[in-house]
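Engineer: Following this message is one structure expressed as structure tokens.
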Amino acid sequence: AQSVSQHNHHVILSEAASLELGCNYSYGGTVNLFWYVQYPGQHLQLLLKYFSGDPLVKGIKGFEAEFIKSKFSFNLRKPSVQWSDTAEYFCAVNLSGTYKYIFGTGTRLKVLA
Amino acid sequence: EAQVTQNPRYLITVTGKKLTVTCSQNMNHEYMSWYRQDPGLGLRQIYYSMNVEVTDKGDVPEGYKVSRKEKRNFPLILESPSPNQTSLYFCASSSATGSETQYFGPGTRLLVL
């Protein structure tokens, strides 16, 4: 069965530290990839997405992610986190040509001021 | 303002008492979906709808029903709720599937006693 793995469940960083959150999926076909974020008390919202073209995609608030097809990975990065990045981050995969979405289990990030 | 609304936001009920969680979007989106979020399991897709009168099962459809009689509304029905349906439920919509961004509602927290 298809699945999405987020290996880091809880991450604690100090402000200005660099961030990398891992996301791996198991599916051999074409996929569309997403990172969503849920700030405390707010709706889930899109950070960035990849569906074709340049495998390095940039999103809002200085986030970026790189799609590495050979590794089935779509890791999220930010060079310098801020206290306001404290949130839960979800990686999601849409199996291209289908209406199904598979989400990872989420990573709770806490940034210490 | 473009948004997805859900009602109620919080609900406590007892086993077997039928309930409906409403979801409405004002963006004229064709695609709508229901998810449940449980600790350690992330978001799992319950049902989705590709357009009016067209719905299909996600990964965890057991115990749930949906209907899509109008484009803007996609209610989730629990005909005989059980304690294992205690969860946080999210509705989402997008203009299409695939690479399109999903817009999420605020969530409905359900407790079944």
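Engineer: What's the longest uninterrupted piece of chain B once you rule out the trypsin sites (Lys or Arg not before Pro) that are loop residues per DSSP with at most 11 other Cβ within 10 Å?
Structural biologist: Value returned for the longest uninterrupted segment is B:19-68.
Engineer: I've got another one for you. Summarise the partner chain shielding of A:100-110 as one whole number: the mean count of Cβ atoms from other chains within 10 Å of each residue's Cβ.
Structural biologist: The per-residue average across the peptide is 5.
Engineer: Now a separate question. Loop only by DSSP, 10 or fewer other Cβ within 10 Å of the Cβ. Give me the chymotrypsin sites (Phe, Trp or Tyr not before Pro) in region B:34-113 that pass, ordered by residue number.
Structural biologist: Answer in residue order: no site qualifies.
Engineer: OK, next. I need the calculated FRET efficiency for the pair B:ASN26 and A:LYS61, taking r as the beta carbon distance and R₀ as 30 Å, to the nearest 0.05.
Structural biologist: Computed FRET efficiency for B:ASN26 and A:LYS61: 0.70.
Engineer: Over region B:21-74, what relative contact order in percent results from Cα pairs under 8 Å that are six or more residues apart? Don't skip to the end; give the middle numbers.
Structural biologist: On the way: 94 pairs, mean separation 19.6, N = 54.
Computed over region B:21-74, the figure is 36 percent.
Engineer: Give the lysines whose C-alpha is closer than 28 Å to that of A:LYS49, dropping any in the same chain fewer than 8 places away, or say none.
Structural biologist: A:LYS58, A:LYS61, A:LYS69, A:LYS71, A:LYS78, A:LYS100, A:LYS110, B:LYS57, B:LYS71
Engineer: Roughly how many nanometres apart are two label points built 7 Å out from the Cα toward the Cβ at B:LYS65 and A:SER70?
Structural biologist: Taking the simple label geometry, B:LYS65 and A:SER70 are separated by 5.2 nm.
Engineer: Whole number please: convex hull volume per residue, Cα atoms of region A:1-75, in Å³.
Structural biologist: In region A:1-75, the Cα hull volume divided by residue count equals 121 Å³.
Engineer: Under 10 Å, Cα contacts only: if you run a Gaussian network model on chain B, which one of B:LEU19, B:LEU76, B:LEU41 comes out with the highest mean-square fluctuation?
Structural biologist: Answer for the Gaussian network model of chain B: B:LEU41.
Engineer: What are the ³J(HN,Hα) values, in whole Hz, obtained from phi via the Karplus relation 6.51 cos²θ - 1.76 cosθ + 1.60 with θ = phi - 60°, for each residue of region B:64-74 in sequence order, with x given for Gly and Pro?
Structural biologist: Result, ordered by residue: 10, 9, 9, 8, 9, 8, 10, 4, 7, 10, 8 Hz.
Engineer: Could you check which residue among B:GLY40, B:GLY16, B:GLY63 shows the biggest mean-square fluctuation in a GNM of chain B with a 10 Å Cα cutoff?
Structural biologist: Maximum fluctuation in the GNM of chain B, among the listed residues, is at B:GLY40.
Engineer: Please report, to one decimal in angstroms, the Kirkwood hydrodynamic radius of the protein assembly as shown built from all distinct Cα-Cα pairs.
Structural biologist: Answer for the protein assembly as shown: a Kirkwood hydrodynamic radius of 18.0 Å.
Engineer: Using a 10 Å cut-off on Cβ to Cβ distances, tally the other chain neighbours for every residue of B:93-102 and report the average as a whole number.
Structural biologist: 5
Engineer: Rounded if a/c is under 1.5, else prolate if a/b is larger than b/c, else oblate: which is chain B, with a ≥ b ≥ c the root eigenvalues of its Cα gyration tensor?
Structural biologist: prolate
Engineer: Here's a follow-up. Compare B:SER99, B:SER87, B:SER49 in a GNM of chain B, Cα atoms joined below 10 Å, and give the one with the largest fluctuation.
Structural biologist: B:SER99
Engineer: Also: Remind me, relative contact order of chain B in percent, using alpha carbon pairs under 8 angstrom and six or more residues apart?
Structural biologist: 36
Taken together, the values in this text are just the output of simple stated rules run on the coordinates, not laboratory data. This is a predicted model, so every value here is computed, not measured. As a convention, Cβ positions derive from the backbone with ideal geometry for all residues, glycine included, and neighbour counts pool all protein chains shown.
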